[in-house]
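**Q** This is the structure I have questions about; it appears just below.
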C-alpha cells in the first residue's frame, strides 16, 4: 500500500481523472487533478457550474471512484476500495456538511449527531457515544438544543447541528459542500465564522463554495474550470 512521505499530509490526489459514459456520450468531469491538503489547512474549491466541483468532492468523500489516478488519505491508498471499504473509511475518517443539512426530522438533535457513532466498528459504549456527542455539540455552541427536533431550529442552527454531526467521529477531514447555500447572509456569515474557528482549533477543512467572500476564509483557494485546476492560491501556512 502506498504511503505518504509527509505524515502531516491529510489528502493527496495524483493525476485524478473522472469520465462519465452515457450512451455514446463521453464527459470528462476531471482531467489530471493534483491536490495536496495538509493537516490543519482550510481549502476552498470554486468554479462555475459544470466545472467538476461535485465530481471532485464525491471522489474526496469516497462516494465515487476516479477512472484513473491515485488518492491517498492519511497515508493510505484508497483509490480502488470496494463499496464496503469506502463506507468504512467514510465513517472513520471523513465528516460531511451538506448545503441541505440532511438532518432527520424524527430524531432529536442529540440523536442526529450521535447517529454516525452507532455505525462504528467496534461498537461504542453508550457513555462514549454520549461524551463524543455532547463534545461535538459544545464545539458548535448547540448543546442546549440537544432535545429539540431539527424542525424546531432555524436554518443557521440546523447547519450547526450538521457540522456537529460531521465532527462527532473526529474525522481526518471535514468536507463542506456549499454550507451557506440555504442560508441568508447573516446566518451564512455565522456558519463561516464557526468553520474558521474550528479550523483555527486544528480541524482540516475542504469546502466547495460559489461565494468568493467565503472562499477568502480559506488558507488555499483552488479554482476549477472544465475539469482542471486553473488557479491555485495559498495565503498562509497551516498552523
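Each reported figure results from applying straightforward, stated rules to the coordinates on display, with no laboratory input. Just so you know, these numbers come straight off a predicted model, no measurement behind them.
**Q** Please state, as a whole number in µm²/s, the translational diffusion coefficient that the Stokes-Einstein equation yields for the range 108-220 at 10 °C and 1.306 mPa s, with Rh defined as the Kirkwood radius across alpha carbon pairs.
**A** 109
**Q** Using Cα springs under 10 Å in a Gaussian network model of the chain, which residue among 30, 56, 107 shows the largest mean-square fluctuation?
**A** Evaluated over the chain, the most mobile residue of the options is 107.
**Q** Next question, about the same structure. Rounded to a whole number of µm²/s, how large is the Stokes-Einstein D of the chain at 10 °C and 1.306 mPa s, given Rh as the Kirkwood radius over C-alpha pairs?
**A** Answer from the Stokes-Einstein relation: 86 µm²/s.
**Q** While we're looking at this one, here's another question. Name the residue, out of 156, 61, 50, whose mean-square fluctuation peaks in a Gaussian network model built on the chain with Cα pairs under 10 Å.
**A** Residue with maximal mean-square fluctuation among 156, 61, 50: 50.
**Q** Additional query: For the range 1-135, how big is the tail of P(r) above 26 Å, as a whole percent of Cα pairs?
**A** Beyond 26 Å sits 35 percent of the P(r) for the range 1-135.
**Q** Continuing with the same structure: So between residue 85 and residue 185, what do we pick up on full extension, going 0.36 nm a residue minus the alpha carbon distance?
**A** 32.1 nm
**Q** Between residue 63 and residue 141, what is 0.36 nm times their sequence separation minus the Cα-Cα distance? Round to one decimal in nm.
**A** Answer, rounded to one decimal: 25.1 nm.
**Q** May I ask for log10 I(q)/I(0) of the range 71-122 at q = 0.15 Å⁻¹, from a Debye sum over the Cα atoms as equal point scatterers with solvent left out?
**A** -0.55
**Q** Also: Mind computing the radius of gyration and Dmax over the alpha-carbon atoms of the range 44-101? Å is fine for both.
**A** Expressed in Å, the Cα Rg and Dmax of the range 44-101 come to 12.1, 33.
**Q** If the range 159-239 were replaced by its equivalent ellipsoid, with semi-axes equal to the square roots of 5 times the Cα gyration tensor eigenvalues, what would those be, largest first, whole Å?
**A** Semi-axes from the Cα gyration tensor: 20, 16, 13 Å.
**Q** Pick from 110, 214, 119: which is most flexible by mean-square fluctuation in a GNM of the chain where alpha carbon atoms under 10 Å apart are linked?
**A** Among 110, 214, 119, the largest GNM mean-square fluctuation belongs to 119.
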